[in-house]
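Report on the following structure.
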Amino acid sequence: PETITVQELANRMAERGVEVVKTLMKLGVMATINQTIDADTAELVIEEFGHKIKRVTAADVEIGMRGEDDEEGSLKPRPPVVTIMGHVDHGKTSLLDALRSTDVAGREAGGITQHIGAYQVTVESGDKVTFIDTPGHAAFTEMRSRGANVTDIVILVVAADDGIMEQTVEAINHAKAAEVPIIVAINKIDRPDSDPNRVKTELLQHELVVEDMGGDILAIEVSAKERTNLDKLIEAILLQSELLELGANPDRAAQGVVIEAKLERGRGPVATVLVQRGTLKIGDIFVSGSEWGRVRAMINEHGKSIEEAGPALPVEVLGLNGAPLAGDDFIVVEHEARAREIAEFRGQTKREKEMAASGRGTLEQMLDKI
Ligand code: GTP
Ligand code: MG
């Protein structure tokens with residue numbers, strides 16, 4: 001239940017604490033200045049003082065900071081965000097590396113690569129595709145459980161010499177639960193013992209019917225090692241992405257999601273943020289989970305410092321006051337006071353939840369958490 005301390009209530013009404021205590025006594029409630037009262041009692045007190053009541057819930061704060069949804073007309077096409085998933089050793093990383101080496105922009109930048117958990121590739125046609133490199137399914141599940149639907153398309157990597165395995169099934173289930181379209185990349189077709197048809201048949205058991213079998217699932221036979229059919233895979237991604245008609249409004253304050261965050265010696269907290277709508281700029285003030293900050297610098301996947309980041313662009317952001325968690329939101333707000341207020345509010349809500357989860361909690365535990 002929502003509660004407030006007598007002191008805090010007095011502060012918010014700009015009344016003296018003793019007066020609030022007196023009013024409470026009149027209402028039959030004995031409370032000292034440091035005690036908490038529930039929201040209903042607080043409302044009675046506020047009425048007694050003749051003030052207006054404005055209850056702010058966590059939901060109000062969330063909605064208020066996210067702002068209006070974008071109107072249809074403000075949406076501009078944006079690149080797809082693609083997550084690569086599959087069983088251990090089926091070649092996810094190899095495929096990502098192979099796709100990444102097709103990056104036109106990367107070549108122009110002199111091949112400087114930097115691992116930031118997510119990166120955007122400019123393909124031959126000039127189209128852009130954003131890939132997310134989630135280290136295993138745990139991260140994907142974590143993000144989804146925290147309400148962050150980051151991906152538009154899942155590429156399911158299945159080794160043609162191994163077929164559908166436990167984690168392949170997990171990946172299929174994740175994608176289905178998130179209602180994200182799947183493109184199958186049947187990998188390692190260079191292997192003499194590879195059997196792509198067996199993979200296609202096995203997929204049927206999971207209600208994934210590939211095109212050759214009369215279904216609508218795009219399945220591309222590739223070899224990350226020999227770089228076979230990478231162009232076809234990219235084509236499939238672009239085709240699927242076209243069907244999704246992905247759009248975002250770039251002309252608003254930025255909102256996005258944290259892909260990963262860490263503390264780096266000499267740089268402080270660094271977060272890889274995927275911008276989902278709006279354009280993130282140097283100097284922007286933001287809230288991310290229960291942290292906040294001001295964008296001091298942004299670095300793209302080529303290690304280059306950039307001034308602005310629009311929809312579907314992943315960037316490393318410097319200027320956080322603390323490290324948020326993967327899956328946390330990232331929302332630009334108007335001014336610092338607002339950012340502090342929201343971060344504090346969220347931090348407090350989080351602590352309360354943790355306290356509730358851990359039972360009554362001793363004073364030491366409480367001090368520990370603050
Ligand atoms: P985890 O991250 O451990 O789950 O593995 P992964 O799915 O990222 O697989 P990774 O890319 O590390 O590849 C696993 C092994 O398969 C490596 O030894 C790769 O060299 C090999 N491999 C990947 N793709 C191919 C391919 O197309 N052909 C052949 N022959 N080997 C491949
Ligand atoms: Mg890997």
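Note on segment 121-174: residues that are at pLDDT 85 or above, within 12 Å of ligand 1 (Cβ to nearest atom), among the hydroxyl-bearing types (Ser, Thr, Tyr) and closer than 21 Å to Arg100 by Cα amount to 0.
Residue count for segment 173-225 satisfying the condition of being closer than 18 Å to Asp162 by Cα and of a type in the set (Asp, Glu): 5. For beta carbons closer than 6 Å, sequence separation of 6+ or different chains, a first residue in segment 182-193 that is closer than 21 Å to Val81 by Cβ and a second that is β-branched (Val, Ile, Thr) and more than 16 Å from ligand 2 (Cβ to nearest atom), the qualifying pairs are Ala185/Ile220. Within segment 1-42, the set of residues being assigned to a helix (DSSP H, G or I), open to solvent by 50 Å² or more (accessible area, probe 1.4 Å) and not aliphatic (A, V, I, L, M) comprises Gln7, Glu8, Asn11, Arg12, Glu19, Lys22, Lys26, Asp40. When segment 285-315 is filtered for residues that are of a type in the set (S, T, N, Q) and either more than 25 Å from Ala337 (Cα to Cα) or part of a strand (DSSP E or B) (or both), the ones remaining, listed by number, are Ser288, Asn300, Ser305.
If I filter segment 190-202 down to residues being touching a strand residue (DSSP E or B) at 6+ places or on another chain (Cβ under 6 Å) and part of a helix (DSSP H, G or I), which single residue comes out as nearest to ligand 2 (Cβ to nearest atom)?
Out of the qualifying residues, it is Val199.
If you scan segment 203-223, which residues turn out to be part of a loop (DSSP other than H, G, I, E, B) and either of a type in the set (Gly, Ala, Ser) or in contact with a Pro (Cβ under 6 Å, 6 or more places away or on another chain) (or both)? Residues satisfying the conditions are Gly214, Gly215.
Within segment 238-251, not a single residue is free of Cβ contacts under 8 Å to residues at least 40 places away in the same chain and open to solvent by less than 20 Å² (accessible area, probe 1.4 Å). The set of residues from segment 265-292 being out of contact with any Asp or Glu (no Cβ under 6 Å at 6 or more places or on another chain), open to solvent by 40 Å² or more (accessible area, probe 1.4 Å) and of a type in the set (Lys, Arg) comprises Arg265, Arg267.
Which of the residues that make up segment 167-196 are open to solvent by 60 Å² or more (accessible area, probe 1.4 Å) and among the polar types (S, T, N, Q)? Matches in segment 167-196: Asn173 only. How many of the residues making up segment 277-298 are within 20 Å of Val129 (Cβ to Cβ) and touching a residue at least 40 places away in the same chain (Cβ under 8 Å)? Summing the residues that are within 20 Å of Val129 (Cβ to Cβ) and touching a residue at least 40 places away in the same chain (Cβ under 8 Å) in segment 277-298 gives 2.
Scanning segment 316-343 for residues that are part of a helix (DSSP H, G or I) and more than 21 Å from Leu263 (Cβ to Cβ) yields a total of 5.
Of all residues in segment 175-189, which are assigned to a loop (DSSP other than H, G, I, E, B) and within 16 Å of ligand 1 (Cβ to nearest atom)? Matches in segment 175-189: Lys188, Ile189. Scanning segment 92-102 for residues that are surrounded by fewer than 24 Cβ atoms within 10 Å (Cβ to Cβ) and either more than 7 Å from ligand 1 (Cβ to nearest atom) or part of a loop (DSSP other than H, G, I, E, B) (or both) yields a count of 6. Screening Ile183 against (1) within 18 Å of Asn229 (Cβ to Cβ); (2) within 16 Å of ligand 2 (Cβ to nearest atom) leaves a single unmet condition, (2).
State all residues of segment 297-326 that are surrounded by fewer than 22 Cβ atoms within 10 Å (Cβ to Cβ) and small (Gly, Ala, Ser); if no residue qualifies, say none.
Listed by number, the residues that qualify are Ala297, Gly303, Ser305, Gly310, Gly319, Gly322, Ala323.
Within segment 197-211, does at least one residue satisfy the condition of being open to solvent by less than 30 Å² (accessible area, probe 1.4 Å) and under 19 Å from Val121 (Cβ atoms)? Taking every residue of segment 197-211 in turn, none turns out to be open to solvent by less than 30 Å² (accessible area, probe 1.4 Å) and under 19 Å from Val121 (Cβ atoms).
Take Ile164 and tell me if it is away from ligand 2 (no atom under 16 Å from the Cβ), open to solvent by 20 Å² or more (accessible area, probe 1.4 Å) and either part of a loop (DSSP other than H, G, I, E, B) or among the β-branched types (Val, Ile, Thr) (or both). Yes; evaluated as a whole, the condition is true for this residue.
The values are calculated or read from the model by the stated rules, or taken from the named source; none is laboratory data. As the structure is a prediction and not an experimental result, all values here were calculated from the model. All Cβ positions, glycine included, derive from the backbone under ideal geometry; neighbour counts span all protein chains shown. The area values use the complete protein model at the heavy-atom level, side chains included, leaving out ligands, DNA and RNA. Shrake-Rupley method; radii C 1.70, N 1.55, O 1.52, S 1.80 Å.
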